[in-house]
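As structure tokens, the structure follows; a few thoughts come after it.
The values are calculated or read from the model by the stated rules, or taken from the named source; none is laboratory data. Values in this document were obtained by computation on a predicted structure and should not be read as measured data. Quick reminder, even Gly has a Cβ in these numbers, built from the backbone with ideal geometry, and neighbours come from all protein chains shown.
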Amino acid sequence: MRVSVRSSGFVCTLCRSKQSRTVGAQWRRYYSAKESPPKTITIEGRTYPLDSHMNTPPAILANIPRRLHLQKDHPLSITRQIIESRFPDHKRHNALFPVVSVHQNFDSLGFAPDHPGRAPSDTYYINKDTVLRTHTSAHEADTFRANESAGYLISADVYRRDAVDRSHYPVFHQMEGAQTWDRRNFSPYVSLADAIWADVEALPKHDIDVEDPNPTIHPERNPLQRAHHSPEEVEAIAAHLKRSLELVVVEIFTHAQRAAAGTDETASREPLRVRWVEAFFPFTSPSWELEVFWQGDWLEVLGCGVTKQDILIDAGVPERVGWAFGLGLERIAMLLFDIPDIRLFWSKDARFLSQFKEPDGKGEESGMMWDVKRFQSFSKYPAAPRDVAFWLPSTTSPAGGQLPATSGVPRQFHENDVMEVVREVAGSAVEDVRLVDEFVHPKTGRKSLCYRVNYRSLERTFTAEEVNALHEKLRKRLTEDLGVELR
Ligand code: PHE
């Protein structure tokens, strides 16, 4: 991918405002050392205007062309294909572009205007109307509008500003799936509910142990969309949704158990247990999460629910009703292949990549044996922890620091800002970052934080000099970008 910027005489009014230290100044530093900040950015041939909302570092954009979910023999691609094999008739969308509008990512799905997911501490913005998608649901409305198939799957890279640790990376991959029925095809001869129940009957059965203690519809916790669905219809949609996704779990975890059996004898003998938990998403109701009991813990595998009818109405298909789910491919691939660190997916090291192989022929063929091999870790290189302690910028509130403000809106210090600076300075040289100490000065009310940054390469041993140089750079950048005072 090429990331190019065009400079102009444009003078950034934002840099006058205080928040520009965290957004505008970053934007300048990313894309131009010159006095005039760039006006536009081109990402894989598409050009977007820039403004003060831009908070996406070039290192994040550089991940766009990797498309790991499509890379042959990559564990994410294998995981995708195993799940796809459960939905042979669903249309696949695997090449949707990651830069989307705020409307696609949030508004079209009914996110409230003040939903925290929209915050610049959580989401990578290109400009005030444009983001890197934070989930594959960003394409729901468009895919419903295109109305090309009753069922579809979307696999794609998604981007979130988040913690730095072994299971979080600012780029990861999700799969979204949906199934809808057209009411006009049924009533008045066969009811929609009966038709969906017939489809449930046509799905394969399984013998796993399913806990589902809650009623399908709960007036407060998991409401029916009363204006659009009857309770009978929602019972049928939920049954189809739950069976379809339980079968996904069977598909994945049977492979995982078989692979784990080599190392852990008990794993293969334990019957698979799953449970349905009530959930909330702005774009489904009722909603659930599916959890799997795996190696002693309940593990959240996916989110799903009955699609909000307003999304289908706005997409021009008011007669369709149905369900949708979304899951994280890394999380599933990590347990399927026993991969201990999410950074490994981005490795170009043959010692990692050569361990995984797709089956020959087409993954969708029924009866295909996926030979899932557990990752044989190449030796673990030593960790080099370094602490950094700092005072947050003074604030009127002793509860927390505040970043400089713009347009009268105070910008709270957010831990994700620390994470972003770490990623920019050290990239995947850092395994995790943890808050190890927090302290409020009894007299001044100023708050001090201490983070432990754990440097560790996946591919070699770092020298102490290398780590010290990275850490020094990090300390400097924390003061410059976040206005903190080192202790
Ligand atoms: N988009 C949701 C997430 O990222 C998952 C989801 C998809 C939930 C579709 C319900 C329906 O967590």
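Taking interchain pairs and intrachain pairs at least six residues apart, which have beta carbon atoms under 8 angstrom, with the first residue in region 271-287 and closer than 20 Å to Gln104 by Cα and within 11 Å of the ligand (Cβ to nearest atom) and the second charged (D, E, K, R) and in a loop (DSSP other than H, G, I, E, B)?
These pairs meet every condition: Pro282/Lys308; Phe283/Lys308; Thr284/Lys308; Ser285/Lys308.
Could you list, in sequence order, the residues of region 141-161 that are in a loop (DSSP other than H, G, I, E, B), away from the ligand (no atom under 12 Å from the Cβ) and under 21 Å from Val102 (Cβ atoms)?
Arg161
When the residues of region 466-487 are filtered to those that are of a type in the set (Asp, Glu) and over 24 Å from Leu344 (Cα atoms), which remaining residue is surrounded by the most Cβ atoms within 10 Å (Cβ to Cβ)?
Asp481
Only residues that are under 17 Å from Phe345 (Cβ atoms), more than 12 Å from the ligand (Cβ to nearest atom) and either in contact with a strand residue (DSSP E or B) (Cβ under 9 Å, 6 or more places away or on another chain) or of a type in the set (Lys, Arg) (or both): list them for region 164-183, please.
Matches in region 164-183: Val164, Asp165, Arg166, His168, Pro170, Val171.
Please pick out the residue among Ser428, Ser394, Ser379 that is of a type outside the set (A, V, I, L, M, F, W, C), modelled with pLDDT of 85 or more and within 30 Å of Tyr455 (Cα to Cα).
Testing whether each residue is of a type outside the set (A, V, I, L, M, F, W, C), modelled with pLDDT of 85 or more and within 30 Å of Tyr455 (Cα to Cα) leaves just Ser428.
Within 19 Å of Glu291 (Cβ to Cβ) and not in a helix (DSSP H, G or I), is that true of His206?
Judged against the criteria, His206 is a match.
Among the residues of region 289-316, which ones are surrounded by 18 or more Cβ atoms within 10 Å (Cβ to Cβ) and among the β-branched types (Val, Ile, Thr)?
Val292, Val301, Val306, Thr307, Ile311
Give me the pairs, please: first residue somewhere in region 299-313 and farther than 12 Å from Ser108 by Cα and without any contact (Cβ under 8 Å) to a residue 12 or more places away in the chain, second residue anywhere and among the polar types (S, T, N, Q) and within 14 Å of the ligand (Cβ to nearest atom), beta-carbon distance under 7 Å, and either six or more positions apart or on two chains.
Close Cβ pairs (under 7 Å, with a partner that is among the polar types (S, T, N, Q) and within 14 Å of the ligand (Cβ to nearest atom)) do not exist here.
Scan (1) within 16 Å of the ligand (Cβ to nearest atom); (2) more than 30 Å from His240 (Cα to Cα) for the single condition His53 breaks and write down its number.
Against the list (1) within 16 Å of the ligand (Cβ to nearest atom); (2) more than 30 Å from His240 (Cα to Cα), His53 comes up short only on (1).
How many of the residues making up region 314-336 are within 10 Å of the ligand (Cβ to nearest atom) and without any contact (Cβ under 8 Å) to a residue 12 or more places away in the chain?
0
Somewhere in region 293-315, is a residue of a type in the set (S, T, N, Q) and not in a strand (DSSP E or B)?
Within region 293-315, one or more residues are of a type in the set (S, T, N, Q) and not in a strand (DSSP E or B).
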